[in-house]
Amino acid sequence: MIRRASELLLLVSLGALWGWYADSTLWAVFGALLGSLIWSLLDHLRARRLLDWLNKAEASRAPEMSGVWRELTERNRKIIKKLEKKAQNSDARLEEFLAAIQSSPNGVVLLDAAGRIEWSNLTAAAHLGFDPQRDLGQSVRHLVRAPVFASYLAHADFGREIQIDGPGPRPSQPSQISLQIHPYGKKRKLMLTRDVTALQWAEAMRRDFVANVSHEIRTPLTVLSGFVETLQTIELEEADRVRYLALMSQQAQRMQTLVSDLLTFSRLEGSPPPGLGQWTDSEELLAQVLQEAQGLSQVLAQPVHDIRAVAAPAIWIAGAKTELLSALSNLLSNAVRYTPGGGQIVAGWRLRPDGWAEFFVTDTGPGISSEHLPRLTERFYRVDRSRSRETGGTGLGLAIVKHVAQRHGGLIDVQSVLGQGSTFVISLPPTRVRPHPLA
Ligand code: ADP
């Protein structure tokens, strides 16, 4: 303040001195006025500099000033610096927030009051098939063309979610996108999307499964209750009674097998994959399932099958023994059930050069035409329905084999020529294979 006053005084006195020296008192007054004018001009220029800087409000570019202007600049610089820090923090928080929404598995789109896209995460763009950068500012109505979406927007019935087709892996295979709009603020909208393709697929699978199981159980149950009613109401000859009871027992057995396969399934699905701690002799597994297959052949076939094992390398397999037995025995029992009596069945283990172990079963049965091969391991999928039923099949055998193979990190493969026979192979990865300790 003192400095400003002395500046003013200096200029006024210099002006007055110049006036007095030049001529008279009047000139001295004029000189003093000129001095004060120059002072206020200088002051105005400083104020202008300060205002120009305040307009840009960048703390780092504060002008060099003196006196009271310096203090004013310094105080403003501190306030601006504080605001800049606050703005930086808010920006960082916004970035983090957007990054979090970006990584969400759900799609998020912000729409302005006119329904234009203000912001969208990549997931929403992928769900709805637009470009999250290029299509910013576009009306969502023009980008999402599904009629159900247009009517949803038109009726503003946002209390429910709708489902539309999204861009799937192929045009014939669209994904299923669930979408809901939540209005907020001043006519703005938050649009959330979710890919429910897998969910719907699982739901369809569940429905199919329940329908299939019900169907599989209803048939023997109908037969059984029919026979029960007959036995209750009609006096039967002893021979008929024995025949009826045999048929009833067959149907009960069929239901039992189905329930047992279903339980195997639920055990497989409900337990963690088998570890590498339990090692089993491959020869032991083979011997056990071969014995079972021979027994089955004696019951089902006339003449019995020629069932052979091929000499194998001595190996141990890591995994759940009961599961492995169930998988191997399913393959062998299929070979017995579908190959006409007298046919040849060969089974065994072999070690591939890449370290994988394979269990194979080859038969001289009817073979399977190629269009059925990709679907063989689906639950309840049967090629020869009547042969399957006649021989006590549930349609779950190969699905169980596939499940067991996958739980052990392995695969199931089928090669078949119609009219000539089939070869089923389970391959297990090297981590689950080691040489027999005594070999
Ligand atoms: P199923 O209990 O009906 O045998 P699977 O899942 O074990 O069910 O087999 C599915 C279908 O694959 C069978 O219904 C049968 O038509 C066919 N199949 C399986 N193994 C053989 C085989 N070795 N030879 C011919 N067809 C077979």
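Tabulated data
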{"quantity": "Segment R61-T222, extension gain: residue separation times 0.36 nm, minus the distance between their alpha carbons", "calculated": "48.8 nm"}
{"quantity": "Rg/Rh (Cα only; Kirkwood hydrodynamic radius) as it applies to region 104-195", "calculated": "0.93"}
{"quantity": "Computed helical MRE - 222 nm, the chain, DSSP H runs ≥ 4 contributing -39500 (n - 2.57), nearest 500", "calculated": "-18000 deg cm²/dmol"}
{"quantity": "P(r), alpha carbons of region 2-96 - 10 Å bins starting at zero, rounded %", "calculated": "16, 30, 21, 16, 10, 5, 2, 0"}
{"quantity": "Fully extended contour minus Cα-Cα distance, from D354 to T431, at 0.36 nm per residue", "calculated": "26.6 nm"}
{"quantity": "Top positive-direction residue, dipole computed over the chain with Cβ charges, set W349, N212, S271", "calculated": "S271"}
{"quantity": "Share of Cα-Cα pairs in the chain lying beyond 27 Å, as whole percent", "calculated": "73"}
{"quantity": "Candidates R141, R61, R206, ranked by Gaussian network fluctuation over the chain, Cα under 10 Å, top entry", "calculated": "R61"}
{"quantity": "Antiparallel bridge percentage (DSSP; both residues within the chain; nearest 5)", "calculated": "95"}
{"quantity": "Stokes-Einstein D for region 275-439, Kirkwood Rh over Cα pairs, 25 °C, 0.890 mPa s (µm²/s)", "calculated": "154"}
{"quantity": "Partners for K82 among lysines (Cα-Cα distance below 25 Å; same-chain residues under 8 apart left out)", "calculated": "K56"}
{"quantity": "Dipole magnitude of the chain, debye to nearest 20 (Cβ charges: Lys/Arg +1, Asp/Glu -1, about Cα centre)", "calculated": "2080"}
{"quantity": "Partners for K186 among aspartates and glutamates (Cα-Cα distance below 19 Å; same-chain residues under 8 apart left out)", "calculated": "D112, E118, D157"}
{"quantity": "Relative contact order %, the chain, counting alpha carbon pairs below 8 Å whose residues are six or more apart", "calculated": "9"}
{"quantity": "Spatial separation of Cα centroids for region 390-431 and region 61-128, in angstrom", "calculated": "59"}
{"quantity": "Listed residues E323, E64, E283, most fluctuating in the chain (Gaussian network, C-alpha, under 10 Å)", "calculated": "E64"}
{"quantity": "Rounded to 5, the percent of DSSP beta bridges in region 275-439 classed as antiparallel", "calculated": "85"}
{"quantity": "Between region 218-252 and region 149-199, the Cα center-to-center distance that results, in Å", "calculated": "56"}
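Read the figures in this text as sums done on the coordinates, not as results from a lab. This one's a predicted model, so the numbers in the text were calculated from it and none came from an experiment. Positions of Cβ are backbone-derived with ideal geometry, glycine not excepted, and every protein chain shown enters the neighbour counts.
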